[in-house]
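This report concerns only the one structure given below.
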Amino acid sequence: MRLSEARDGRATASVVTVVLAGTLHLIQTVTVASTVVALAAERSRWAPAPAPERSLLESGLDVVASVAMLAAHVVSLAWLLQARRAAETLAPGYRHARGPTWVWLAWVVPGAALWFPYQVVRDVHAASRQAAGLTGPEGRTRSLVTWWVCWLCFVMSSAALTWTVILLALVVPGDPLLVGMLPMLLTGVGLAAVAAGLAWVVVVREVAVAQRLARVSAMQRSRWIGRSAGTSGPGTSVR
């Protein structure tokens, strides 16, 4: 397998895992939200609400969706690291704002996770476009901004959902207001996950296409230089 085929394979794997994780997460969200809505409809307005009971199937779906999200993240970061290395090779003059280590650390370091991931992906995207000769402003940052906004919405809605569940479990069990907020939070998390996943697919495909064009262009230049050297170098004669 050639190196370029391996890189395209990683891009495809990233797309597939993200789409799969987003689909499972949306199914999980609809299932949980419907359970909470049904529970809220059965209780009186001011009565304390018990915690929703989950079936074995729903609990299994939670596990599968969580594993799929983790796999999507790992595969996507593995692709991003490879794309970063390819971008450095194809556009050696481009200066990246963050070092290669931040491809992995940017997502988990508190504070840095709110901005560094965007810088890492932005620079890979920009360097790849530069190497391919795609210097026009059309669509240069639109897909990146769309993905980043959707990703931040997913992160923030997930944090809000986590804290709501913690409060219901440890501080104010069955609080009607918090239970009533769960469907809205669950829906927001699910929609944000799907939107971020679809936007990420666009970014991955743009980088993959740009790097493929850059490699083809580099190969064509190399062949042209080789032919020029072969026809005009020492030892040639004109009869």
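Read-outs: derived from the displayed coordinates by stated rules, not from any lab. Note that the structure is predicted; figures quoted are calculated from it, not measured. Every residue, glycine as well, gets a Cβ built from its backbone with ideal geometry; the counts of neighbours run over all protein chains shown.
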Less than 9 Å Cβ to Cβ from Ala97, Lys/Arg counted +1 and Asp/Glu -1: what total charge do the surrounding residues give? +2
For the stretch 80-143 and the stretch 173-190, write down the distance between their C-alpha centroids in whole Å. 36 Å
Can you run phi through the Karplus equation (6.51, -1.76, 1.60; θ = phi - 60°) for the stretch 180-187 and list ³J(HN,Hα) in whole Hz, with x for Gly and Pro? x, 7, 4, x, 5, 5, 4, 5
Tabulate in residue order the Karplus-calculated ³J(HN,Hα) for the stretch 86-97, using 6.51 cos²θ - 1.76 cosθ + 1.60 with θ = phi - 60°, rounded to whole Hz; enter x for Gly and Pro. 5, 5, 5, 6, 6, 10, x, x, 7, 9, 7, 5
Could you go through the stretch 115-129 in sequence order and give the Karplus-derived ³J(HN,Hα) for each residue, using 6.51 cos²θ - 1.76 cosθ + 1.60 with θ = phi - 60°, rounded to whole Hz, and x for Gly and Pro? 8, 4, x, 4, 4, 4, 5, 4, 5, 5, 4, 5, 5, 5, 5
